[in-house]
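Q: This is the structure I want to talk about, given as structure tokens.
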Number of protein chains: 2
Amino acid sequence: MPNTSSMTPNALTGFVSDILAGGGLSRPQAEALARVIVAGERDGCKSHGVYRVEGILRTLKAGKVRGDAVPVLQTGDGAIVRVDAGGGFSNLAFETGLPALVERTRTLGLAALVINDCTHFSALWHEVEALTGHGLAGIAMCPSYATVAPAGGVEPLLGTNPFAFGWPRPGGAPYVFDFATSVVARGEIELYRRSGRELPEGWAVDAQGRPTTDPEAALAGAMLTFGSYKGSAISTMIELLAGTMIDDFTSREALDWLGTTKYAPKHGELILAFDPKRFAGAGSKGNPLDRAEILLDAIVGQGARLPSQRRYTARARSAENGIVLSEQERAELDRLMREGIAGVTE
Amino acid sequence: MPNTSSMTPNALTGFVSDILAGGGLSRPQAEALARVIVAGERDGCKSHGVYRVEGILRTLKAGKVRGDAVPVLQTGDGAIVRVDAGGGFSNLAFETGLPALVERTRTLGLAALVINDCTHFSALWHEVEALTGHGLAGIAMCPSYATVAPAGGVEPLLGTNPFAFGWPRPGGAPYVFDFATSVVARGEIELYRRSGRELPEGWAVDAQGRPTTDPEAALAGAMLTFGSYKGSAISTMIELLAGTMIDDFTSREALDWLGTTKYAPKHGELILAFDPKRFAGAGSKGNPLDRAEILLDAIVGQGARLPSQRRYTARARSAENGIVLSEQERAELDRLMREGIAGVTE
């Protein structure tokens, strides 16, 4: 590899895939992961970018994921398409199920993809955006590990439980949001701890369930949900629909199984897909996608941002300049390429 | 009618139905509305209780709803069941579509009910709770009229856009939540205005888009969404899925059509239904409803409330003592019974 700090998305995908395959993942697992990691890096989402490569290999080294799993598609006969990830990463399972989900959604107007028995690694925006590429709208959700207390509660029970939505836009980047149902991600609290700052109020409780602004106490206690009891209700809904309903782990079960938050969590995922053309029926009010543009333009027109605007700006920059990695990031990838799984601390 | 302040739910349903039918609604429309109003009153939800009777008749008198509409069911052949409410109230349309939605969900595992061209009157909890009565989980959502600014914005564009979820619990009241995606309902700000109190910060902006704690300025401006940009994203999703996608009004279009917030709004509604047994597949981790109990018990076990607990407590009280109306409430119903639509100011 040339020793530059800028690479095209394709080159970086190949590089990351080589590192992961060298570390012991099957080539299909490695490639599916690399595509998601590079999409994150390309979009300026550092939290799902190349720094995650080591964590993936750490999870593999600890025996908490099957590196050679082959996802099995069960298309069934209703509105539910199912992929058994076989203990592998979620990404290849999603890619395995996507064509069947798209086909079923076009046939029925509405369909669901259930992913079971996966180690979850993905920003959900990547998946709902994939649906919009087929002209479909989508909702994705999954549990995590139990680090969040329900509103009015004192103990970690819920996960950071992300909720994502995508809507196709004619001739442009889709409307996509993807957020944790906790006030912030756990990594954010870790950043406060490292820099010795106090947390804003309302982010967390300590191990005794008392409100705290001390990051150390917060990490030993529980995070809180966004929007108080409303966010807590949505987070609980995600545990029910994308945990118990799909016959997979809740966030507490995921943490019990793993015993730590050091590795990527194992649980399922639920994705709902909608065909706007089918839902619009006769379409007497006009094309649903065109009518949506009026709404979205009115949001931007009054000076508000659309949720993924920052990502799309970073994406355009990456398209122009390539993906720029810091010296440190590049050095770390080179090291992992050289040392393989032996260079990863468990 | 005996002049007592307590009535059984059935007696009150009959009374409210008589008032609405006397005011000009067809008997089926009147009965469907009465069931929802009395359920609200029974559960201590005054905001959807008997005080709404006059508003319903006012909307009818203004010619903004068809009192004799007969909803038309189109079952189609996919996962989408559709009811054209024919310009009548949403409630009879929902009752018309419910059996087909339940049947389709049992067949496919997942299905949707689209209600079009209705004047919307309902707490959505009533509808998701109806689904749980059939052992199904459900999500319901709809726009409203544009009174809420998107996060970072300055003008009313979104509605208070309610989002509701229901999950069946074996041998007990279901897990149900139903909330506005605005910080509070508009009526709450009206209460602050009447009592001359300042609003908490973060509830609203004035007509120039500046943050305000003055209720008067807030009512002339726009409300804000719960949970900042996350609530705003969910509210926007509701406009897209339950507005443009289903070929019905967005909140702005609903307000444009009506020209006022004085009458009940006209728009559509989207209800998703899930069959947990179908989603659980082989169910290797156990019955999904039983596993959900572990989660819900863990919420209550740490001292947190479940979302509808207050309603269920009020419901138990009503079952014991009947539904208790104040003298004023009772007198108002008696007056509307006597005077009919003539006694309603437009």
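Q: Being at positive phi and either touching a Leu at 6+ places or on another chain (Cβ under 8 Å) or among the charged types (D, E, K, R) (or both) is the filter here; which residues of the stretch A:91-133 pass it?
A: Within the stretch A:91-133, A:Asp117 is the sole residue that qualifies.
Q: Go through the stretch A:157-182 and give me each residue that's part of a strand (DSSP E or B) and either among the hydrophobic types (A, V, I, L, M, F, W, C) or open to solvent by 20 Å² or more (accessible area, probe 1.4 Å) (or both).
A: Across the stretch A:157-182, the qualifying residues are A:Leu158, A:Pro162, A:Phe163, A:Ala164, A:Phe165, A:Trp167, A:Val176, A:Phe177, A:Asp178, A:Phe179, A:Ala180.
Q: Determine whether B:Gly152 is modelled with pLDDT of 95 or more and over 15 Å from the mean Cα position of the chain (by Cα).
A: Judged against the criteria, B:Gly152 is not a match.
Q: A further question on this structure: Restricting to the stretch A:267-285, count the residues that are more than 8 Å from chain B (Cβ to nearest Cβ) and either assigned to a loop (DSSP other than H, G, I, E, B) or modelled with pLDDT under 95 (or both).
A: Qualifying residue count for the region: 1.
Q: Next question. Are any of the residues in the stretch A:92-111 within 28 Å of A:Leu191 (Cα to Cα), open to solvent by less than 10 Å² (accessible area, probe 1.4 Å) and not small (Gly, Ala, Ser)?
A: no
Q: Count, please, the residues in the stretch B:183-194 that happen to be assigned to a helix (DSSP H, G or I) and farther than 21 Å from B:His126 by Cβ.
A: Matching residues across the stretch B:183-194 total 6.
Q: Exactly one of (1) within 18 Å of A:Ser90 (Cβ to Cβ); (2) of a type outside the set (Gly, Ala, Ser); (3) over 13 Å from the mean Cα position of the chain (by Cα) is unmet by A:Ile139. Its number?
A: That leaves (3) as the condition not met.
Q: Considering each residue of the stretch A:286-329, count those that are under 30 Å from A:Glu54 (Cβ atoms), in a loop (DSSP other than H, G, I, E, B) and open to solvent by 20 Å² or more (accessible area, probe 1.4 Å), and give that number.
A: Qualifying residue count, the stretch A:286-329: 2.
Q: Condition first: open to solvent by less than 10 Å² (accessible area, probe 1.4 Å), closer than 28 Å to A:Leu136 by Cα and in contact (Cβ under 8 Å) with a residue 24 or more places away in the chain. Now tell me which residues in the stretch A:251-280 satisfy that.
A: A:His267, A:Gly268, A:Glu269, A:Leu270, A:Ile271, A:Leu272, A:Ala273, A:Phe274, A:Pro276, A:Phe279
Q: Right, something else. Here are some residues: A:Pro162, A:Pro174. Which one is in contact (Cβ under 8 Å) with a residue 24 or more places away in the chain, more than 10 Å from chain B (Cβ to nearest Cβ), at negative phi and under 16 Å from the mean Cα position of the chain (by Cα)?
A: A:Pro162
Q: What residue, of A:Val114, A:Val128, A:Val154, is open to solvent by 10 Å² or more (accessible area, probe 1.4 Å), within 12 Å of another protein chain (Cβ to nearest Cβ) and of a type in the set (A, V, I, L, M)?
A: Just a single option satisfies the conditions, and that option is A:Val154.
Q: Would you mind finding the one in A:Asp77, A:Asp68 that is at pLDDT below 95, surrounded by fewer than 24 Cβ atoms within 10 Å (Cβ to Cβ) and outside any helix (DSSP H, G or I)?
A: After ruling out the rest, the residue left standing is A:Asp77.
Q: Can you spot a residue in the stretch A:131-140 that is under 23 Å from B:Ala282 (Cβ atoms) and buried (at least 24 other Cβ atoms within 10 Å of the Cβ)?
A: Within the stretch A:131-140 (the criterion being under 23 Å from B:Ala282 (Cβ atoms) and buried (at least 24 other Cβ atoms within 10 Å of the Cβ)), the answer is yes, since at least one residue qualifies.
Q: So, one more: Please specify each residue of the stretch A:205-227 satisfying the condition of being among the small types (Gly, Ala, Ser) and more than 30 Å from A:Ile115 (Cβ to Cβ).
A: A:Ala207, A:Gly209, A:Ala217, A:Ala218, A:Ala220, A:Gly221 - these are the residues of the stretch A:205-227 that are among the small types (Gly, Ala, Ser) and more than 30 Å from A:Ile115 (Cβ to Cβ).
Q: Just wondering, is there one or more residues in the stretch B:222-245 that are in a helix (DSSP H, G or I), more than 8 Å from every other protein chain (Cβ to nearest Cβ), open to solvent by 20 Å² or more (accessible area, probe 1.4 Å) and touching a helix residue (DSSP H, G or I) at 6+ places or on another chain (Cβ under 9 Å)?
A: no
The values are calculated or read from the model by the stated rules, or taken from the named source; none is laboratory data. Predicted, not measured: the structure shown is a model, and the values here were computed from it. All Cβ positions, even for glycine, are placed from backbone atoms using ideal geometry, and neighbour counts span all protein chains on display. Just the protein is used for accessible areas: all its heavy atoms, side chains included, with ligands, DNA and RNA removed. Shrake-Rupley method; radii C 1.70, N 1.55, O 1.52, S 1.80 Å.
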